[in-house]
Amino acid sequence: MNLSNIDMSLTLQNPACTLYRENKNENYKSLLNANLYIASSAYAYPDRIISAGRTDPVALRVEKAGELTRRYILEFGFTIVL
C-alpha cells in the first residue's frame with residue numbers, strides 16, 4: 001500500500017482464489033479461513049484496512065452461509081458482508 005500511495009483499503013476475500021469442493025463443510029472452513037486472514041490483517045492495521053466478509057450460499061447452502069455471516073459480524077467485527 002505504501003508503494004502505491006494508498007492510505008486505506010476496503011479488503012475482502014477474492015472468490016476466484018477459493019477452491020470449492022462438493023463437501024459443503026470443507027467449503028465453510030475454506031471461506032472461514034480466508035476471511036479470518038482478512039480480519040487478522042484489519043486488526044493489525046486498523047487505520048489502513050477496512051475489512052469485509054464474503055460468503056457463498058451456493059457453495060455452503062443457505063443455512064451455513066447465514067451462520068458464517070453471523071460469525072463475521074459478531075466474532076470478526078465485519079460491518080460489511082457480501
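Regarding the stretch 23-30, can at least one residue be identified that is touching a Leu at 6+ places or on another chain (Cβ under 9 Å), outside any helix (DSSP H, G or I) and free of Cβ contacts under 8 Å to residues at least 40 places away in the same chain? No, every residue in the stretch 23-30 fails to be touching a Leu at 6+ places or on another chain (Cβ under 9 Å), outside any helix (DSSP H, G or I) and free of Cβ contacts under 8 Å to residues at least 40 places away in the same chain. The set of residues in the stretch 10-22 that are more than 10 Å from the chain's Cα centre (by Cα), touching a residue at least 12 places away in the same chain (Cβ under 8 Å) and not in a helix (DSSP H, G or I) comprises LEU10, THR18, TYR20.
How about the stretch 30-82: which of its residues are at positive phi and in contact with a Lys or Arg (Cβ under 6 Å, 6 or more places away or on another chain)?
Here is the first cut: in the stretch 30-82, the residues at positive phi are 61, 77.
Listed by number, the list holds a single entry, ARG61.
Please go through the stretch 35-82 and give me each residue that is aliphatic (A, V, I, L, M), assigned to a helix (DSSP H, G or I) and loosely packed, with under 15 Cβ neighbours inside 10 Å, ordered by number. Of everything in the stretch 35-82, those that are aliphatic (A, V, I, L, M), assigned to a helix (DSSP H, G or I) and loosely packed, with under 15 Cβ neighbours inside 10 Å turn out to be ALA44, VAL58, VAL62, ILE73, LEU74.
No value in this document is a laboratory result; all are computed from the given coordinates. This one's a predicted model, so the numbers in the text were calculated from it and none came from an experiment. Cβ coordinates were reconstructed from backbone atoms using ideal geometry, including for glycine residues, and neighbour counts include every protein chain displayed.
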